[in-house]
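The values are calculated or read from the model by the stated rules, or taken from the named source; none is laboratory data. Being a predicted model, the structure only gives us computed values, none of them experimental. FYI the Cβ positions are ideal-geometry reconstructions off the backbone, even for glycines, and counts take in every protein chain you see.
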Amino acid sequence: MPSQPQPRPASVLASMLTAGLMLTVASCSHLTPLGPDARPQPHHLRSPIILQAMRVQNPTPARGCPAGFTKLSAPGQSPGCYRPLGAPVTITSAAVSPGPTTGPASPADAPPTAYGLLIALPAADRAELTAVSTQAYNSQGAIGISVAGKTWALPMVREPFTTGQFEIVVPSRNQLLQLQRLLTSSG
């Protein structure tokens, strides 16, 4: 699952931000706020987000993970073998907003199959996000996204995150609400 907002059909996108804020997909590769003041303001997080560039190796049925790799999984993802690369990045301040949801193409009223939480960093933390995502991208790896000691996502990095935003995708609304409560005091 991608962690930077990816292209989605316009019919799949729904109202994405609380307090009436809306985001739209622009250039099919990143989200752009509507209007100059539409980007939510970062606040101190209740629990920090830990980002870790990871090398990825598929487990073998006979041997499991190779030496130096650990079997990890995240909600909605199959376990895989991961090895940390470099130092982790700790995010203590960010804007947290419900993001796009995805669901089956038909029927239109079916519940979503994935829920996103958009994370927008303050300008001071954007270079660290770009650095950790570039490290994961250069190794054709993933970013481990952990909050409160739990791995919430292990998305493969398809391009470095240069917009100061990323998305945490989980398979259920309950998990989305749990993660939002961990990050925000009024989520």
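Please indicate, with yes or no, whether at least one residue in region 18-33 is modelled with pLDDT of 50 or more and in a strand (DSSP E or B). The answer is no, given that none of the residues of region 18-33 is modelled with pLDDT of 50 or more and in a strand (DSSP E or B).
Just a yes or no: is a residue in region 136-150 assigned to a helix (DSSP H, G or I) and touching a strand residue (DSSP E or B) at 6+ places or on another chain (Cβ under 6 Å)? The answer is yes, given that some residue of region 136-150 is assigned to a helix (DSSP H, G or I) and touching a strand residue (DSSP E or B) at 6+ places or on another chain (Cβ under 6 Å). Whether any residue in region 112-131 is assigned to a loop (DSSP other than H, G, I, E, B), farther than 21 Å from Thr92 by Cβ, in contact with a helix residue (DSSP H, G or I) (Cβ under 9 Å, 6 or more places away or on another chain) and at pLDDT below 95 is what I want to check. Among the residues of region 112-131, at least one is assigned to a loop (DSSP other than H, G, I, E, B), farther than 21 Å from Thr92 by Cβ, in contact with a helix residue (DSSP H, G or I) (Cβ under 9 Å, 6 or more places away or on another chain) and at pLDDT below 95, which makes the answer yes. Note on region 68-87: residues that are part of a strand (DSSP E or B) and crowded, with 16+ Cβ neighbours inside 10 Å amount to 6.
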